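The values are calculated or read from the model by the stated rules, or taken from the named source; none is laboratory data. A quick note: this is a predicted structure, and the numbers were derived from the prediction, not measured. Every residue, glycine among them, receives a Cβ derived from its backbone with ideal geometry; neighbour counts consider all protein chains shown. Just the protein is used for accessible areas: all its heavy atoms, side chains included, with ligands, DNA and RNA removed. Shrake-Rupley method; radii C 1.70, N 1.55, O 1.52, S 1.80 Å.
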Amino acid sequence: MDATHRPVISATGLYTPPETITNAELVDSFNEYVRRHNAEHADAIAVGDRPALEPSSVEFIEKASGIKSRHVVDKASVLDPGTMCPRIPERANDELSIMAEVGVTAARQALERAGRAPGQVDAVLCAASNMQRAYPAMAIEIQHVLGIDGFGFDMNVACSSATFGIQTAADYIRAGNARSVLVVSPEITSGHLNWRDRDSHFIFGDVATAVLVEDAAMAPADHWDILGTKLKTVFSNNIRNNFGFLNRAAPEGAGQPDKLFVQEGRKVFKEVVPMVAAMIVEEADRLGIDPRSLRRLWLHQANAGMNRLIAQKVLGHEASEDESPTVLDTYANTSSAGSIIAFHQHSGDLVAGDTGIICSFGAGYSAGTVFVRKAG
Ligand code: COA
C-alpha cells in the first residue's frame, strides 16, 4: 500500500424514516390477512385442497429474532391487509427518486459531520441490496444533487453492500484514484419483503446510511483509521430474490413470492455464523490484532441470536451490549445499513486507540469486515 494514501472513515450519516411499525401492529395486520384468506378459501381448506394459513405471533418474532419494531417509508399500505406492501407513488423523471432522496439526507449529514464541502468529494457509490431502477445510477443522481464533480455508480452485494463499498472506496484511495468517496446505502427493504410470508414478514425495515471514506491527509482529526478490509462470497440459494428485468412480477404479486425476498432462515443461521466468526478471527490474526481485545463489534443486524454467537466466538466470552451493540430491536434488519447504523450510533464514546470491527453478512452468501481504530 502506498503510505501516502491511507484510507480512513471521516464521518457517517443516518436517515431514519419517521414512521414505525411495532410487532403488535404488524401481527394484527398479518393475522387479519390470514383470517380473510382462510375465510375466502374455507371450502378448499375444508376438503384439504389447500392448507389454511397460520397466524403470526409477537412472542415468536421477538424470541426468534430480537426485533421489536421497524421504520418504514409507508406504514399505512404495509399494514393494510388488502395491500401489504409499500405504495410509493411513481415520481416524474425531473423529481428526485426516493432512494436518492433518503441517500442524500444521510450523505449530507456525513459531509456536515466531517466539515466537508461536496466540491471536495470525488466519487459516490450507492451500495444497497435493491435498486429502484436500472439506470441512470442512483449514485449519479445523488452525486448530481450534492453537486459533486467526479463519478458514481451503483453496486449490489445484498446485506454486505456497505462493507464492499467501503473496501472499494478504500482501494480507490490507496491507489490514488480518489481522495474522498461517499458510500451511500439507501435501503428501502420494505419493497422487497413479502409482508404476507409468516416466516419472514417481520424481518426488515427501511433506512439510509452514508460513510465518508477519505485519504488521511485530508480527513478531519476526529476520524477512524481503516486497519484492514476483507471480503468473502460463497454461493448459496438460501437467501434469494428472483425479481429482475428478464424475470419480473408486480412486487405485491402474492402468486410469485420468489420475486421477493425468500430465505431458509435456519440454514442461513447455521451456515453463516461459523463462516463470519472464522473470517473475523483470521483477519484479526492477519492484522496482528488479538480478537479478544476488540473494544467493540458493530455487527450486521439480522438476528440477535446470530450476533450473540458470532461475538462470543470472536471475543471468547458472552458480549455485553457495550461490546456488541444492538440496533435491530428498533430498526429490524436494514440489510447493508445495519452495521453502519450500529457504528453511527455507538461509536462516539470510544477513545483514541480503541479498535473495533464493522462486519456485514447476508445473501450471496457475502461477508465483509472493516477493522477500524479511533485516531487521536
Ligand atoms: N409466528 C409464529 N410462529 C412462527 C412464525 C411466526 N411469524 N414464523 C415461523 N413460525 C414457526 C414455524 O412454523 C416453526 O414451527 P414448527 O417448529 O412447529 O415447524 C417455528 O416457528 C420455528 O421456525 P424457524 O423458522 O425454525 O424459526 P427460527 O427460530 O429459525 O427463526 C428466523 C427464524 C428467520 C428469525 C431465524 O432463522 C433467522 O434470523 N435466521 C437468519 C436470518 C438472516 O440473517 N437472514 C439474512 C437476511 S439478509
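Inclusion of Ala134 among residues that are open to solvent by less than 40 Å² (accessible area, probe 1.4 Å) and outside any strand (DSSP E or B) is not warranted. Mind listing whichever residues of segment 1-54 are loosely packed, with under 15 Cβ neighbours inside 10 Å, assigned to a loop (DSSP other than H, G, I, E, B) and not aliphatic (A, V, I, L, M)? Across segment 1-54, the qualifying residues are Asp2, Thr4, Pro18, Gly48, Asp49, Arg50, Pro51, Glu54. At pLDDT below 95 and aliphatic (A, V, I, L, M), is that true of Ala3? The answer is yes for Ala3. Evaluation of Val327 against the conditions (1) within 16 Å of the ligand (Cβ to nearest atom); (2) under 22 Å from Pro186 (Cβ atoms); (3) touching a strand residue (DSSP E or B) at 6+ places or on another chain (Cβ under 6 Å) shows that the sole unmet condition is (3). Using the structure shown, decide if Arg292 is more than 16 Å from the ligand (Cβ to nearest atom) and loosely packed, with under 15 Cβ neighbours inside 10 Å. In short, yes.
State yes or no: is Ile142 open to solvent by less than 60 Å² (accessible area, probe 1.4 Å), touching a helix residue (DSSP H, G or I) at 6+ places or on another chain (Cβ under 8 Å), within 16 Å of the ligand (Cβ to nearest atom) and outside any strand (DSSP E or B)? So Ile142 does not fit the description; no.
Quick check on segment 116-126. Is at least one of its residues open to solvent by less than 30 Å² (accessible area, probe 1.4 Å), modelled with pLDDT of 95 or more and over 29 Å from Ala302 (Cβ atoms)? Yes, that holds for at least one residue. Among the residues of segment 331-349, is any touching a Lys or Arg at 6+ places or on another chain (Cβ under 7 Å), at pLDDT 95 or above and within 14 Å of the ligand (Cβ to nearest atom)? Scanning segment 331-349 turns up at least one residue that is touching a Lys or Arg at 6+ places or on another chain (Cβ under 7 Å), at pLDDT 95 or above and within 14 Å of the ligand (Cβ to nearest atom). Among the conditions (1) open to solvent by 60 Å² or more (accessible area, probe 1.4 Å); (2) assigned to a strand (DSSP E or B), Arg70 misses just one, which is (1). In segment 203-231, of all residues being assigned to a loop (DSSP other than H, G, I, E, B) and open to solvent by less than 10 Å² (accessible area, probe 1.4 Å), the one that is farthest from the ligand (Cβ to nearest atom) corresponds to Asp206.
Of the residues Ser185, Ser160, the single one that is away from the ligand (no atom under 11 Å from the Cβ), touching a residue at least 24 places away in the same chain (Cβ under 8 Å) and open to solvent by less than 10 Å² (accessible area, probe 1.4 Å) is Ser185. Residue under question is Cys85, and the condition is that it be under 20 Å from the mean Cα position of the chain (by Cα), within 30 Å of Asn247 (Cβ to Cβ), assigned to a loop (DSSP other than H, G, I, E, B) and away from the ligand (no atom under 16 Å from the Cβ); does it hold? Against the criterion (under 20 Å from the mean Cα position of the chain (by Cα), within 30 Å of Asn247 (Cβ to Cβ), assigned to a loop (DSSP other than H, G, I, E, B) and away from the ligand (no atom under 16 Å from the Cβ)), Cys85 qualifies.
Of the helices (runs of 4 or more DSSP H) lying entirely inside segment 265-376, those carrying at least 2 residues that are free of Cβ contacts under 8 Å to residues at least 60 places away in the same chain are 265-286, 304-315. All but one of (1) in contact with a Ser or Thr (Cβ under 9 Å, 6 or more places away or on another chain); (2) more than 26 Å from Val157 (Cα to Cα) hold for Glu323, so report the exception by its number. The failed condition is (1). Return the only residue of Arg179, Arg266, Arg198 being basic (Lys, Arg), surrounded by fewer than 22 Cβ atoms within 10 Å (Cβ to Cβ) and touching a strand residue (DSSP E or B) at 6+ places or on another chain (Cβ under 6 Å). Unique residue meeting the criteria: Arg179.
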